[in-house]
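So the structure is just underneath, and the comments pick up after that.
The values are calculated or read from the model by the stated rules, or taken from the named source; none is laboratory data. Since the structure is predicted, the reported quantities are computational estimates derived from the model, not experimental observations. Please note: Cβ atoms are built from the backbone with ideal geometry, for glycine as well, and neighbour counts cover all protein chains shown. We work out accessible area using only protein heavy atoms, side chains counted, and drop any ligands, DNA or RNA first. Shrake-Rupley method; radii C 1.70, N 1.55, O 1.52, S 1.80 Å.
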Amino acid sequence: MQKLSQLILKLFGWRLDINLPDTQRYVIIGYPHTSNWDFVLGMLAKWALNVPLNWVAKHSIFWGPFRPLFISMGGVPLDRKTTQGFIQKNIALFQARDKFILGLMPEGTRSKVDHLRTGFYYIAHGAQVPIALAYFDYPKKVVGIGKVLIPSGDIHSDFEIIKAFYQDKVGCRPELQGNLCIITSRESKDH
């Protein structure tokens, strides 16, 4: 699967620009998330790199024959209406495992959002693992991981680093890219 994925990416003109963390335990976030093609590119990159990534997606895509397929591909269904305990459950998974990579899309949807979700940050900080900043840059045809951030606990300061990194990344549908900000009043709900 690794060689086939590398070949498919190459045939379609995409390249990988990857700076993986020097650890087997981290949170990886993907931005911008504006198209279903992000999933295809993300899976091809996962297989091309042979990375044992677990990824979270809305539970509604895990239906019928796709449920066992997506779960076998590392998928974890999430019912967004009942996310209570999501952060603590994932911190516990990191604490229980020597190897665990968790992939999240902080926009939480392909639609335009006015802020990014902060759960990824609290999971990484609570589990004391780095955050790898992955991206899809469609004009340049690059799937990458360009920066690794160790969360300091000061979300506002760390988020300025995240924002600066993603500032020039362009999704498939740029008009749907989420705003690179967080909302203080929501942090307590996300946490």
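Before moving on, here are some points about what is shown:
- Count of region 1-43 residues, restricted to those that are within 20 Å of PRO106 (Cα to Cα) and touching a residue at least 40 places away in the same chain (Cβ under 8 Å), is 20.
- Residue list for region 111-148, restricted to those being part of a strand (DSSP E or B), of a type in the set (A, V, I, L, M) and buried (at least 20 other Cβ atoms within 10 Å of the Cβ): ILE131, ALA132, LEU133, ALA134, VAL143, ILE145
This table checks each residue for (1) small (Gly, Ala, Ser); (2) free of Cβ contacts under 8 Å to residues at least 60 places away in the same chain; (3) farther than 14 Å from GLU107 by Cα.
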position: LYS147; (1), (2), (3): no, no, yes
position: SER157; (1), (2), (3): yes, yes, yes
position: TYR166; (1), (2), (3): no, no, no
position: LEU176; (1), (2), (3): no, no, no
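Quick grid of which residues meet (1) open to solvent by 70 Å² or more (accessible area, probe 1.4 Å); (2) modelled with pLDDT of 85 or more; (3) within 20 Å of LYS112 (Cβ to Cβ); (4) aromatic (Phe, Trp, Tyr):
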{"position": "GLN24", "(1), (2), (3), (4)": "yes, yes, no, no"}
{"position": "ASP38", "(1), (2), (3), (4)": "no, yes, yes, no"}
{"position": "ALA48", "(1), (2), (3), (4)": "no, yes, no, no"}
{"position": "MET73", "(1), (2), (3), (4)": "no, no, no, no"}
